[in-house]
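Remarks on the structure that follows.
The values are calculated or read from the model by the stated rules, or taken from the named source; none is laboratory data. Remember, predicted model here, so these are calculated numbers, not experimental data. We place every Cβ from the backbone using ideal geometry, glycine too, and count neighbours over all the protein chains shown.
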Amino acid sequence: MQVWKFGGTSVGMPERMHSIRELLKSDSNRKIVVLSALSGSTNALIAIGEAVKSFDDAKAAVLIDDLKTHYALFVKELYSTPESLQKGQEIVDTEFGYIKSLVGIKPFTIKQDKELVAEGEILSTKMFQAYLEEKGDNSVLLSALDFMRIDADGEPELSVIEDKLVTILNQYPDKATIITQGFICRNPREEVDNLKRGGSDYTASLIGGAIRADEIQIWTDIDGMHNNDPRIVKRTFPIRELTFEEAAELAYFGAKILHPSTITPAKLRGVPVRLKNTMQPEAPGTLIANQTSDREIKAIAAKDNITAIYIHSTRMLNAYGFLRRVFEVFEKYKTPVDMITTSEVSVSVTIDNSENLDKITAELREFADLEEHDVDQNIICIVGNFSADKEGIALKVLDALKHIPIRMISYGASEHNLSLLIHSKYKAEALNVLNERLFYYEDAMKDIFTAP
Ligand code: ADP
Ligand code: ASP
Ligand code: MG
C-alpha cells in the first residue's frame, strides 16, 4: 500500500482534480490519498477567524460569501452529471452553513477557530470523493478526525494513530482508493486541532509510518527538492536522491516543500518518501531513503524569524552544570533550541519560537549574564556529506560569505549539516552567493578565464 499526498495547488482547480484521478488510475498500487485544502483556502479561513476575533462580523460575512462563491464555481466545473452537480452544491451549502454557525458562537474561542480552519480539508476531500463516485471509482472517504491524534504538547501519537487506522482500514479491504484529510487531527480533549501550517505532508508521513506503507509520495507544484530555495535563487535544480537525515535537516531548516517534521515518522519506520510534481508527473522528482550519493554538498535552506540569545556564566571557571541549567530553562518553556555555540564561559543559542522569550531570559538572568538578544536572524543551513575526511568545504562556504557578517557557526554535530546565523537582511544575498560558489563554481571560473 502507498500513501499519496496532494498539496493545495495540486487540488486547487477542477481540472487538477481531474488530473489527480488520472494519476491515481495510472498506478495499480492500493493507496491512501491525503488531500490539502484548495490553495488559498486555509489563508481565507484564517482571515475569517481573524475578522471574528476583532469583532468585525460584517467583514467575516463578506469573506465567507466570497469563499463560498469560489467553491460554488469550482463545483460547477468539477462535475458533469446533474446528480453530482447537486451533490457538490449540497456539500458546499452544508459546510458553509456550518462555517456560518461557527462564527456565530460567542465568545469565539480557539476551539471554534480550529474547527473553522479544518473546513478547508473537509471541503476538498468531500468534493473529491463525490467526483470519484461520479466516475464510479472504487473509493471511500475516511475522516482523519477518527484516527489522527496529538498529545497535550501537540505531538502526534504514532502508535495511537496506527491502532485506530488499522482497525478502520480493516473495514474496507476491497477499496482501492482511500481518501482522507491532511493537516487536521484531534487533541487529548477530543477537540478538532491541526498539525500546523503545511501539516498535510506530516499527515501523509504519519499515515505511511503507521501502516508501514511501501512508499509515501508527496505530490506538489515543483519537480522535487531543489538545491536551494527557488523563490529566492534563480538557478536551482532538483536533487534526485537524499537520505532521510539530509531531507530532515532541509525540511527543518526551512525548505518549504516539506513540513519541518515530515521525515521523522517515515524515517522511524523506514518508509521511502518520493517528492513528485503534479504538473509534470513524468519528472523523476526526489527519492528520500537510506541511500546516499557521493555529491559533497547537496542543498541549502534558510530558516526565518530566528532569535539569538547570548548567555555568559557569572562563575569564571569550571562552570560544570552551567549548560544543564541553561537547557532546563528552555525545557521548562517547551522551547526547542536550534543552534548552539560555546566558549569557555559563554553559550549562544537560537530559538524560532519566541512566545516565552521574556520568561526565558528572566530565568536565565537568575544565574547568568545576558547580552541583548538579536531578533530577525536567519539560519542558513548547508546540507550534504561533510564527513571528517572531506577537506575544504568549510573554506568554500566561508569564502562565499566573506562579505556577510556571520553571528554563529555550527559545524560537526552531524556529518550532513553546516549552519550559520546571519541577519535576515542578508538572507537573499547569502543564498545566492552560496549557490554560485557551491554549485556553479566551474561556470564562474570559466567566465573569468574566457573573459576578453
Ligand atoms: P503544497 O501546497 O503542495 O504543499 P508548498 O507550497 O507547501 O506546496 O511547497 C512547494 C513549494 O516549496 C514550491 O513551489 C517552492 O516554491 C517551495 N520551496 C522552497 N524551498 C524549496 C526547495 N528547496 N525545493 C523545492 N521547493 C522549495
Ligand atoms: N491547508 C493547510 C495549510 O495551508 C495544510 C497544508 O496545506 O499542508 O497550511
Ligand atoms: Mg506544503
Out of 247, 213, sole residue that is part of a helix (DSSP H, G or I), surrounded by 24 or more Cβ atoms within 10 Å (Cβ to Cβ) and away from ligand 2 (no atom under 15 Å from the Cβ): 247
Per-region count, the range 244-272, residues more than 16 Å from ligand 3 (Cβ to nearest atom) and at positive phi: 1
Scan of the range 228-244 for residues that are out of contact with any strand residue (DSSP E or B) (no Cβ under 6 Å at 6 or more places or on another chain) and part of a loop (DSSP other than H, G, I, E, B), ordered by number: 229, 230, 231, 232, 233, 234, 235, 237, 240
Enumeration of residues in the range 201-210 that are within 14 Å of ligand 3 (Cβ to nearest atom) and either surrounded by fewer than 23 Cβ atoms within 10 Å (Cβ to Cβ) or more than 12 Å from residue 270 (Cα to Cα) (or both): 201, 202, 203, 204
Conditions (1) away from ligand 1 (no atom under 14 Å from the Cβ); (2) within 16 Å of the chain's Cα centre (by Cα); (3) surrounded by fewer than 13 Cβ atoms within 10 Å (Cβ to Cβ); (4) of a type outside the set (Phe, Trp, Tyr): number failed by residue 331: (2)
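Quick grid of which residues meet (1) surrounded by fewer than 23 Cβ atoms within 10 Å (Cβ to Cβ); (2) modelled with pLDDT under 95:
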{"residue": "199", "(1), (2)": "no, no"}
{"residue": "225", "(1), (2)": "no, no"}
{"residue": "229", "(1), (2)": "yes, no"}
{"residue": "236", "(1), (2)": "yes, no"}
{"residue": "243", "(1), (2)": "yes, yes"}
Whichever residue in the range 198-245 is closer than 23 Å to residue 110 by Cα and within 9 Å of ligand 1 (Cβ to nearest atom) and, among such residues, is farthest from the chain's Cα centre (by Cα): 200
Single match in 132, 145, 102 (criterion: among the aliphatic types (A, V, I, L, M), touching a Leu at 6+ places or on another chain (Cβ under 6 Å) and in a helix (DSSP H, G or I)): 102
Hits in the range 38-83 - residues which are farther than 22 Å from residue 7 by Cβ and hydrophobic (A, V, I, L, M, F, W, C): 51, 52, 55, 58, 60, 61, 62, 63, 64, 72
Hits in the range 177-193 - residues which are of a type in the set (S, T, N, Q) and crowded, with 24+ Cβ neighbours inside 10 Å: 180, 181
Test: residue in the range 313-320 that is at pLDDT 95 or above and either part of a strand (DSSP E or B) or more than 16 Å from ligand 3 (Cβ to nearest atom) (or both): no
